[in-house]
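A short write-up of the structure that comes next.
Taken together, the values in this text are just the output of simple stated rules run on the coordinates, not laboratory data. What you are looking at is a predicted structure, and each value in this text was computed from that prediction instead of being measured. Heads up, the Cβs are rebuilt from the backbone with ideal geometry, glycines too, and the neighbour counts pull from every protein chain shown.
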Amino acid sequence: MLKQFFIICSGADTDILKDCSIGEQNKFAGIGATVFFTAVMATIASSYALYTVFDNLFTSIFFGLIWGLLIFNLDRYIVSTIKKSDNVIDEIIQATPRILLAIIIAIVISKPLELKIFEKEINQVLLEQKNDLTLANQNQIAEQYTPKIAELENSILALQSEIDTKEAEVNALYDVYIGEAEGTSGTNLLGKGPVYKEKREKHDAALAELQQLKTDNRTKIANIETEIATLQTQQKTNVAESQPIIDNFDGLMARVNALGELPWLPSFFIFLLFLAIETSPIFAKLLSPKGEYDFRLQDQETIVKTWTMQQVNERKLLLKTDNDVNNRVYDDIADEEEVINYKRKKARELMQIQADAFFKNQKGVL
């Protein structure tokens, strides 16, 4: 039962093959098994590749089965259309486009399986790429907010500097009027005289200005700090919103590119393995001698071809004979007086009808 199934997979004519030897049947069963298991590997590879795209198991398996059936049909067609002949060059010529198609199929099949085999290494490459993308994303977002935040921070420093300058001025006035009271500076007279009072009033006025300045600037600083906090919150929000995009940077294209970052030799050997599997039925038919099945198939095709050519030649001969007979018949009756008079009568009637129609048409115009 299994052997019969693999023979069907090989694309061979089962009616012809059942009359062949066991060895010939085993040869085509082996070819069919290769075709079948290649389709199975194509289904697995396609399902995995589609799972990285759709992230849905049932959808991936469904489309993977469709892809596997397509590969099965192509391989079966490729193998079944290669026919043995007595000329090796002709066999190579007819097999060349099929080999090219097999190479393309091998590439398509092997790539998703390479992604699965080297999944851990690919994940490491993707992790490094995600980290680089995260840092680059944070820097790009920071470039949008850092200049504004720095400008606001400079405004706070300027406001604080005004307070410090005014505070230093008030402290200096304090030292002046205290020195005047103690007699250590100014008039050098001990006691609180008119000069002391004047300097004290000047200090008190400056102190009042300092208090007002502190109140105003602290209000401005608080507003600026609120604005800075808002910008920092927006920056963190943008980073948080864009991070899931980077975290999901593990689709099919990203994994294929990550595979390209790995050493090429292991991936190349896997491709060669699938290339050997995909092209083995073709080379098996090319390298194997012309067998019993090939002779029987050629005999059947020759019978059909010969019968068809005979039918075509008979139709051509029948057509030629019929034309010759018709020519002789028309030549014999061409000179008969009765035929000539009849055609003359009909021609006269046709000319009369045409003349009447022309006269009626002209009369209508006038």
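With each label point set 7 Å from Cα along the Cα-Cβ vector, what nm distance links residue 265 and residue 349?
Roughly 9.9 nm, to one decimal.
For q = 0.07, 0.12 Å⁻¹, what log10 I(q)/I(0) does the chain give under the Debye formula with an equal point scatterer on each alpha carbon and no solvent?
Log-scaled intensity ratios, in q order: -0.70, -1.06.
Find, to one decimal place in angstroms, the Kirkwood hydrodynamic radius of the stretch 82-174, where the mean of 1/r is taken over every pair of different Cα atoms and then inverted.
With all distinct Cα pairs of the stretch 82-174 included, I get 21.0 Å.
Please rank 221, 245, fewest neighbouring Cβ atoms within 10 Å first, as an exposure proxy.
Ranking 221, 245 by Cβ neighbours within 10 Å, fewest first, gives 245, 221.
For residue 356 and residue 287 in the same chain, what is the full-extension length gain: residue separation times 0.36 nm, less their Cα-Cα distance, in nm?
16.5 nm
With each pseudo-label sitting 7 Å past Cα toward Cβ, what's the residue 363-residue 153 distance in nm, one decimal?
Each label point is offset 7 Å from its Cα along the Cβ direction, giving 11.2 nm.
Looking at 310, 26, 264, which one has the Cα that reaches farthest to the positive end of the dipole of the chain (charges on Cβ: Lys, Arg +1; Asp, Glu -1)?
Of the listed residues, the answer is 310.
Evaluate E = 1/(1 + (r/R0)^6) for residue 119 and residue 70, where r is the Cβ-Cβ distance and R0 equals 25 Å; express this FRET efficiency to the nearest 0.05.
So the FRET efficiency works out to roughly 0.50.
What do you get for trypsin sites (Lys or Arg not before Pro) in the stretch 221-303 restricted to DSSP loop and a cutoff of at most 14 other Cβ within 10 Å of the site's Cβ?
For trypsin sites (Lys or Arg not before Pro) across the stretch 221-303 that sit outside H, G, I, E and B with at most 14 neighbouring Cβ atoms in 10 Å, the list reads 290.
Find how much the distance from residue 172 to residue 252 grows on full extension, using 0.36 nm per residue of separation minus their present alpha carbon separation; answer in nm with one decimal.
Contour length minus the Cα-Cα distance gives 21.5 nm.
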